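As structure tokens, the structure follows; a few thoughts come after it.
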Amino acid sequence: MEKPFNNRAWLLVVPVLVVVAFSAVIPLMTVVNYSVQDILGPDQHVFVGTEWFRKVLRDPELHGALKRQIVYSLAVLAIELPLGVGIALALPMRGRAASASLVVLALPLLVPWNVVGTIWQIFGRGDIGLLGVAVNRMGVHYNYTADAADAWLTVLAMDVWHWTPLVALLAYAGLRAIPEAFYQAARIDGASSWATFRFIQLPRLRGVLTIAVLLRFMDSFMIYTEPFVLTGGGPGNATTFLSQYLTRLAVGQFDLGPAAAFSLVYFLVVLLFSYVFYTAMTSAAGREAR
Amino acid sequence: MARIELRGVGHSYAPPPARAGGGRGGPGGETKWAVHPLELVWRDGGAYALLGPSGCGKTTLLNVISGLLRPSAGRVLIDGTDVTAAPPEVRNIAQVFQFPVIYDTMTVAENLAFPLRNRGVPRAEIQARIADVASILELTPDLRRRASGLSADMRQRISLGRGLVRKDVAAILLDEPLTVIDPHVKWQLRRKLKEVHESLKPTLVYVTHDQVEALTLADQVVVMNEGRVVQVGTPQELFERPAHTFVGYFIGSPGMNLLACTLEGGAAIVDGQRVPIAEAIYARAERAVRDAEDGAQAGRAELRIGVRPELVRRVAEGGEASVRAEVVQVEELGRYRIATARLGAQIIKVRLSEEEPVAAGDALWLELPPRWTTIYVAGRAVAADGGE
């Protein structure tokens, strides 16, 4: 039988198109528009083509921020994923202890971003902060406002503290979904706990871990508030990540054209990385499904 | 190859009841057994079925044998060694689960190798064992495949293979392994299982709630109900001499006729009609009734007369020692038909051959052959041949 064609079906899609147009397409097009114009005043603008794109792509400051950003995001993934899975494995699976530990674990997730920054700003201070004082007492010189490495590590520690619980909760949910029979079969087969993890738990966590990787990558790649509150991007440029650089460009210097061009590049970079991660993780699953 | 003994083994999932003052005997003060303490011996190389309705404790008992569960009471012995406290990995027991467990990031061959690798078996030996088991289970062409996206019967064959691959395996426990398999491959797999048992002779314990599976696979069937073993016997014994009304109606399709009756003058009286029964059974039944009534103050022991629909005989009208029943319904089942008839206020089912004319409303004269007729006192059959 032939499929019936009816052009009125398009009407059904119109509401979604309108919503998407206002929420995504039109704002994005405004940015595209800015990125190819030189705005001189409220009513003065000149079309400049790809000039801003060429400018921002050659900007050494931006290269530095991008490099820092990539290293930072990879470090976040490399720490938070294994740590989150480890925590999930260590959590009790049932009983009152399970719910209690989940609540405690989720606490950092409830703290607003700028408050996280403030907490760590005080926590890390060498004169009154618990962390700062403790580390300095141990004989390690630590000052995140002056030392680039210290600042960098503090921002990283802050992210780990803030977001590892999310990974742990996702992994915990994934672990809970594994049927008991798998563990029973593993015991019958004499599997060690490493073998059980490697061949039962890890493969069955792939779905939630894919989500965790994407969420943590995108989030950390766009990090703004916490380093802004903690270090303001310093010392020097040590903790100036992409979104901070962008804000400085757009709001600080009011360079709307270059900022718009840079926004688009930024957007494409996030999209590209997410696509690569997603494809890598799902195609690994697909290979196994064949 | 092993002999498995369960000595007073019982299990309760609830924590032991708190020892409150004077708690004994009170409602809720007693242990809630999932499996009541029982004695069972599984002979070396035997094929056993553990049959019973869902929730009767079959799987619990299986998990106790394999060591996944430590029983709350009693001891488990394998070849005379007490293994009650031993974990499953040291028990040399293989278990196949209802929903096949496959390690789907491995190939089929790696799946089969897994139990051996975990035990540090040398590589060459692993290869040889895999080849053997794969040929038995017809998995050889698929060995290099990844073990994901496979059909249910193949998955179940692989998980069976993981059990067979271990040379030292003492017993194979199967927990309703065929429930998720399509009907048309079910019989192939069942035949495969039977072949495996005949060639390798492991002790086989097969849990099922499907009587056909139990009766075709096992030499001995253990029937369980509500956490208790109600009868252990060959399929024939279970069919001909059910020891308990539960076995009577659970096994057979339709189940045994169990009619309420009273005893009088060497016969059972079913709604006013006399059914002669064997002398020995009658004597024992009377005694059992007396014992039951003396023992419990609860009142009269329930009496039922039991006979299989297949063994009830239709006789000529007014035939000697026959009872009259009126046909209510006739079910055509191909080669035979089942007539449902009213005997007084009770229902009796009779299997008739397809040639015999019968229709709803007809009067049927039935003989209940004393040889195949048993009296049940409070659910238990009166033993025809000696000790109670």
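Summary table below
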| read-out | value |
| --- | --- |
| Whole-angstrom gap from region B:149-203 to region B:31-61, using each part's C-alpha centre | 20 Å |
| Listed residues B:Leu174, B:Leu62, B:Leu38, most fluctuating in chain B (Gaussian network, C-alpha, under 10 Å) | B:Leu38 |
| Cα shape, region B:257-381, gyration tensor, a/c 1.5 rule | prolate |
| Low-density loop cleavage sites - GluC sites (Glu not before Pro) in region B:349-380, where at most 12 other Cβ are within 10 Å (DSSP) | B:Glu354, B:Glu355 |
| Ranked A:Val251, B:Val382, B:Val221, criterion: other C-beta atoms within 10 Å, fewest first | A:Val251, B:Val382, B:Val221 |
| Helix axis angle, B:123-136 relative to chain B longest principal axis, alpha carbon, degrees | 30 degrees |
| Least to most buried among B:His184, A:His45, A:His162 (fewest other Cβ within 10 Å first) | B:His184, A:His45, A:His162 |
| Within a Gaussian network of chain B (alpha carbon springs, distance under 10 Å), most fluctuating of B:Ala339, B:Ala360, B:Ala288 | B:Ala360 |
| Reference-scaled alpha-carbon Rg (2.2 N^0.38 Å with N residues) for region A:60-289 | 1.17 |
| Spatial separation of Cα centroids for region B:225-302 and region A:124-199, in angstrom | 67 Å |
| Partners for B:Lys194 among aspartates and glutamates (Cα-Cα distance below 13 Å; same-chain residues under 8 apart left out) | B:Glu213, B:Asp219 |
| Within region B:211-317, trypsin sites (Lys or Arg not before Pro) in DSSP loop having at most 13 other beta-carbon neighbours inside 10 Å | B:Arg300 |
| Whether region A:127-169 is rounded, prolate or oblate, judged on the alpha carbon gyration tensor where a/c under 1.5 counts as rounded | prolate |
| Chain B shape via C-alpha gyration tensor axes, a/c threshold 1.5 | oblate |
| Shielding by partners - mean other protein chain Cβ count within 10 Å, residues of B:114-123 | 3 |
| Helical segments meeting 30 Å axial Cα length and Kyte-Doolittle -0.5 threshold in chain A (DSSP H) | A:60-90, A:148-176, A:256-289 |
| Rel. contact order, % - alpha carbon contacts under 8 angstrom, at least six apart, chain A | 27 percent |
| 0 to 90° range, to nearest 10: angle between helix B:108-118 axis and chain B longest Cα axis | 80 degrees |
| Dimensionless Rg over Rh [the protein assembly as shown; C-alpha; Kirkwood] | 1.16 |
| Eligible lysines near B:Lys192 by straight Cα distance, threshold 30 Å, same-chain separation 8 or greater | B:Lys58, B:Lys167, B:Lys201 |
| Of A:Leu17, A:Leu170, A:Leu91, the one that fluctuates the most in a GNM where chain A has Cα springs shorter than 10 Å | A:Leu17 |
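Throughout, read-outs are computed from the coordinates displayed, never taken from laboratory work. Computed from a predicted structure; not experimentally measured. Heads up, the Cβs are rebuilt from the backbone with ideal geometry, glycines too, and the neighbour counts pull from every protein chain shown.
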